[in-house]
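Here is the structure we will look at.
The values are calculated or read from the model by the stated rules, or taken from the named source; none is laboratory data. All figures in this text were calculated on a predicted structure; none of them were measured in a lab. Here Cβ is always computed from backbone atoms with ideal geometry, including for glycine, and neighbour counts include all displayed protein chains.
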Amino acid sequence: MSRFFISTPIYYVNAKPHLGHAYSTIVADSIARFHRIMGDETFFLTGTDEHGDKIAQAAEAAGTSPREFVDEISGTFRNLWPRLNVSNNDFIRTTEQRHIDTVREVLQKVYDSGDIYQSEYEGLYCYGCEQFLTEKDLVDGKCPDHDKEPSVIREKNYFFRMSKYQDWLRQYIIDNPDFIRPERYRNEVLSMLEMGVLDDLCISRPKSRLSWGIELPFDPDYVTYVWFDALLNYITALGGPEGEDFGKFWPGANHLIAKDILKPHAIFWPTMLKAAGFEPYQHLNVHGYWLVKDTKMSKSIGNVVDPLSMVDTYGLDAFRYFLLREMRFGRDASFSETALVGRLNADLANDLGNLFSRVLSMTHKYFGGVVPTPSRRHESVDVEMLNLASNSFTNFQHLFGNFEFGRGLEALWELVRGLNKYVDATQPWALFKAGDTERLGDVMYVLLMLMRKVALHVWPVMPATAETMLAQLGQGESFDPASVELPAEAESFGRLEPGTALAKGSNLFPRVELKAEGEA
Ligand code: ME8
């Protein structure tokens, strides 16, 4: 059995979750469910990043202690995920003792091996990025991400010898072409590594300036730099370096991030792992930004969309489907309610919803709501249909597994539209009228058993809809989609027992009208 580990970034608790966080977490949920239904043992992790200047400042601005502040905001993330049907196996907080233990253990290990040293440093520090910047990072003297001049800070600190691992990392990325994907981000990282010598990474903050962090195990006057702390969450959640789950899941470790945090994940993290004596993760999967009117949706700009208001207006599964279908993984995409409604009406209400209610109501009308027994005397139109289905399932599985969600869904929708055409071509109503029960039974069986397989393929993206479809197809309450092995479904005929009683179909996706002109 293969094993698969998927993580989202652990989100900063300096503001409430928005659509960008919801996107990463829903993608991670869909890919986790996909691996479960493919038969892989899967571990899905999300959580919150709670130390550092940024959080300490936000707590101060809110007039509360950092502890109270992080408890509250972390709770808003933790409580949001079940409402988006997110099936994470663990929720990690960097203020938990298990994480503090991992960070201190790894720091001590790297310190003992000689890859951490102390030195005086004067640099340009951006509080927004929580990073020292170099002159070449600045645009018009300002941090381009935060539009603020960095502060000059001079202090003694501890440094991680990141530069020592630069050539190793470059070679590793060259030897493992899909270590960082899609390719544009791999190229971006390679050019960062080829631009010059990497600076060593400052991994401490003096307690005189910042006390909200994990104390260095080898110097109590300092706390750990937030990125050195945060990245290690991926190991903490697997039980720490000695954990059984770490041994089991690390070889299949996939991180999911947006491009804003490419450098820490593609450069800091693999070199940290190498220095601590661990294998690199398997893949870094990088997506683009959701934009609103050409600008990145972000809490600092304030142009954020609240995921729950979208869910309340359009339904959870329509929202999940839209996010995965609309964004080409790796590229930026624009969010608009007009586009969401367009997809909802075209792909979900017209194509999928209509097909499903048509097939169910015909089965009720022609066979009393019971799955007919097929003769399996296939005509050419059936053979074409079955071939289309098999190709579409295989393509979906391949594309989805490669994080090409939009194209995977498009491949599946070729089948959904093909099934609608099959109904039009075979005209079950005419067969019924002509009394050709055998042919009618064959046609309805092909439709019903393929609808079951469509529901299973849709499950990672729209779990609740898929479960409704499966229940209405008579799959029973104890039926667990995750227990099905999807690859075998692509190749097999049937798997829907003749004689199964179907429920009355419901309207899966009512059409929606945009409330007001230009509202999006
Ligand atoms: O960076 N479009 O946390 P963060 C798409 N704590 N995704 C977006 C987005 C947008 N407009 N805005 C945010 C941190 N995201 C660190 C991570 S990991 C060890 C530490 C998503 O709260 C996307 O996943 O700023 C992005 O990478 C993440 O939120 C940044 O979350």
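For every residue, the table says whether it meets (1) surrounded by fewer than 19 Cβ atoms within 10 Å (Cβ to Cβ); (2) in a loop (DSSP other than H, G, I, E, B); (3) within 19 Å of the chain's Cα centre (by Cα); (4) at pLDDT 95 or above.
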position: ILE10; (1), (2), (3), (4): no, no, yes, yes
position: ALA22; (1), (2), (3), (4): no, no, yes, yes
position: SER30; (1), (2), (3), (4): no, no, yes, yes
position: ARG33; (1), (2), (3), (4): no, no, yes, yes
position: PHE44; (1), (2), (3), (4): no, no, yes, yes
position: THR64; (1), (2), (3), (4): yes, yes, no, yes
position: GLU68; (1), (2), (3), (4): yes, no, no, yes
position: TRP81; (1), (2), (3), (4): no, no, yes, yes
position: VAL86; (1), (2), (3), (4): no, yes, yes, yes
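Within region 311-345, the residues that satisfy the criterion of being of a type in the set (Asp, Glu) and within 14 Å of the ligand (Cβ to nearest atom) are GLU326, ASP332. The numbered conditions (1) farther than 17 Å from LEU273 by Cα; (2) touching a Gly at 6+ places or on another chain (Cβ under 9 Å) are all true for ASP101 except (1).
Scanning region 282-310 for residues that are buried (at least 16 other Cβ atoms within 10 Å of the Cβ), within 12 Å of the ligand (Cβ to nearest atom) and of a type outside the set (A, V, I, L, M) yields a count of 8. Only a single item in (1) farther than 23 Å from TYR12 by Cβ; (2) surrounded by 13 or more Cβ atoms within 10 Å (Cβ to Cβ); (3) in contact (Cβ under 8 Å) with a residue 60 or more places away in the chain; (4) not basic (Lys, Arg) is not met by SER113, and it is number (2). Filter region 262-279 down to the residues that are under 17 Å from PRO9 (Cα atoms) and surrounded by fewer than 19 Cβ atoms within 10 Å (Cβ to Cβ), then identify the one that is nearest to the ligand (Cβ to nearest atom). Residue satisfying both the conditions and the ranking: LEU262.
Filtering region 224-258 to residues that are away from the ligand (no atom under 16 Å from the Cβ) and of a type in the set (Val, Ile, Thr) leaves nothing.
Among the residues of region 140-149, is there at least one that is closer than 24 Å to ALA237 by Cα and under 31 Å from the mean Cα position of the chain (by Cα)? For region 140-149, residues closer than 24 Å to ALA237 by Cα and under 31 Å from the mean Cα position of the chain (by Cα): absent.
Can you spot a residue in region 214-222 that is within 28 Å of the chain's Cα centre (by Cα) and either of a type in the set (S, T, N, Q) or part of a strand (DSSP E or B) (or both)? Within region 214-222 (the criterion being within 28 Å of the chain's Cα centre (by Cα) and either of a type in the set (S, T, N, Q) or part of a strand (DSSP E or B) (or both)), the answer is no, since none of the residues qualifies. For region 390-402, filtering for residues that are surrounded by 23 or more Cβ atoms within 10 Å (Cβ to Cβ) and under 25 Å from HIS255 (Cα atoms) leaves 2. Would a scan of region 174-183 turn up a residue that is touching a helix residue (DSSP H, G or I) at 6+ places or on another chain (Cβ under 6 Å) and of a type in the set (D, E, K, R)? Within region 174-183 (the criterion being touching a helix residue (DSSP H, G or I) at 6+ places or on another chain (Cβ under 6 Å) and of a type in the set (D, E, K, R)), the answer is no, since none of the residues qualifies.
Yes/no matrix, rows are residues, columns are (1) of a type outside the set (A, V, I, L, M); (2) touching a Phe, Trp or Tyr at 6+ places or on another chain (Cβ under 9 Å); (3) more than 16 Å from the ligand (Cβ to nearest atom); (4) farther than 26 Å from THR468 by Cβ:
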site: VAL359; (1), (2), (3), (4): no, no, yes, no
site: VAL383; (1), (2), (3), (4): no, no, yes, yes
site: ASN395; (1), (2), (3), (4): yes, no, yes, no
site: GLU414; (1), (2), (3), (4): yes, no, yes, no
site: GLY418; (1), (2), (3), (4): yes, no, yes, no
site: TRP429; (1), (2), (3), (4): yes, yes, yes, no
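Is at least one residue of region 367-389 touching a helix residue (DSSP H, G or I) at 6+ places or on another chain (Cβ under 6 Å), within 22 Å of SER30 (Cα to Cα) and buried (at least 16 other Cβ atoms within 10 Å of the Cβ)? Yes. Restricting region 454-494 to residues that are assigned to a helix (DSSP H, G or I) and of a type in the set (Gly, Ala, Ser), which is farthest from PHE400 (Cα to Cα)? Among those that are assigned to a helix (DSSP H, G or I) and of a type in the set (Gly, Ala, Ser), it is ALA471.
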